[in-house]
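Enquirer: Submitted below is the structure of interest, expressed as structure tokens.
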Amino acid sequence: MKRFFRIGLLIVLATASVALAQGGTEVAKSKGHSINYFDWFVNGGSWVGYILIVLSVVSVAMIIQHFVQVRKTIILPDMARLRIEQMLQERQFRELIDMTGGDPSLLCFIFNSALVEAPTGFGAMEEAMENALQERMVALNAKPEILAILGNTGPLIGLYGTVLGIILAFSDIVAKGGIPEPGELAGSIGVALVATFWGLTVAIPSLVTYAIMKVRIEKIGSEAMATARQMLAAFRRSAGPAKQPVAAKKTAPEAV
């Protein structure tokens, strides 16, 4: 996670550097005043903006982590399927139990749960596969939940900054005893708008990635279960009722 956090921080800093290079000069002039967009978007959100910028770094890091780790080639590699098929063809049932017990892939975890229930019958084996899939799916679905939390919390924090900016603007009006000059309200209104901007910046990528990951995980889980059922049928044809493997102690590999 630390590696992905550093990558996310570098991306945000690189984006900020581009903005600084473009906004460090006078990018807009009106009545002799210049606008520095870097200061406006980074410093203009007050302390609420700083919190949201930190959350944006965290969200970018987690988005990168999920797109790297939540992939079919990682969770459901073809190599594991090919090894299981080969061992079934060669009737290496003891070796198959050891191999699937030490492989952290989803397919091996599901199939190993079935193999250790072989002495109790094929019905128990299929039930064990379903329970194993459910257990691993709970763990996989828990990973993107932090993105959902960030996506739902970001706009709320941004709304807090919006309310804060409006309160500051009305405080300026009260302090002046009337309607002040627009330039005197710009700072307070800026806090409101910049906080809203950063809240949406945190929320939109996080929620989009969350939805993509949920669909991807469900698709991988369905494919893993279908493949495991096919292999269980192949095992049933190969082993027969009198040649089931001797169940070994179940070893649950670490979740991917």
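Enquirer: Scan 101, 151 and give me the residue that is modelled with pLDDT of 90 or more, surrounded by 17 or more Cβ atoms within 10 Å (Cβ to Cβ) and part of a helix (DSSP H, G or I).
Expert: 151
Enquirer: Pick from the range 231-242 the residues that are farther than 18 Å from residue 75 by Cα and assigned to a helix (DSSP H, G or I): which of them is modelled with the lowest pLDDT?
Expert: 239
Enquirer: Also, quick follow-up: Filter the range 127-166 down to the residues that are aliphatic (A, V, I, L, M), more than 25 Å from residue 116 (Cβ to Cβ) and in contact with a helix residue (DSSP H, G or I) (Cβ under 8 Å, 6 or more places away or on another chain) and list them by number.
Expert: 146, 147, 148, 150, 156, 157, 159, 163, 164, 166
Enquirer: Mind checking which residues of the range 174-184 are surrounded by 12 or more Cβ atoms within 10 Å (Cβ to Cβ) and part of a helix (DSSP H, G or I)?
Expert: Matches in the range 174-184: 176, 184.
Enquirer: Report, by residue number, each residue of the range 54-85 that is surrounded by fewer than 20 Cβ atoms within 10 Å (Cβ to Cβ), β-branched (Val, Ile, Thr) and more than 30 Å from residue 199 (Cβ to Cβ).
Expert: Once the filter is applied, which keeps residues that are surrounded by fewer than 20 Cβ atoms within 10 Å (Cβ to Cβ), β-branched (Val, Ile, Thr) and more than 30 Å from residue 199 (Cβ to Cβ), the range 54-85 yields 73, 74.
Enquirer: Restricting to the range 200-225, give me the number of residues that are polar (S, T, N, Q) and closer than 16 Å to residue 138 by Cα.
Expert: The total comes to 1.
Results for (1) part of a helix (DSSP H, G or I); (2) more than 31 Å from the chain's Cα centre (by Cα); (3) at positive phi; (4) at pLDDT below 85, shown as yes or no for each residue.
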position	(1), (2), (3), (4)
163	yes, no, no, no
172	yes, yes, no, yes
186	yes, yes, no, yes
198	yes, no, no, no
202	yes, no, no, no
210	yes, no, no, no
218	yes, no, no, no
244	no, yes, no, yes
250	no, no, no, yes
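Enquirer: Consider residue 162 carefully, then state whether it is of a type in the set (Ser, Thr, Tyr) and surrounded by 15 or more Cβ atoms within 10 Å (Cβ to Cβ).
Expert: yes
Enquirer: Mind checking which residues of the range 119-148 are over 26 Å from the mean Cα position of the chain (by Cα), surrounded by fewer than 20 Cβ atoms within 10 Å (Cβ to Cβ) and among the aliphatic types (A, V, I, L, M)?
Expert: Listed by number, the list holds a single entry, 124.
The values are calculated or read from the model by the stated rules, or taken from the named source; none is laboratory data. Keep in mind the model is a prediction, meaning the values are calculated, not measured. Here the Cβ is made from the backbone with ideal geometry for all residues, glycine too, and neighbour counts use every protein chain on show.
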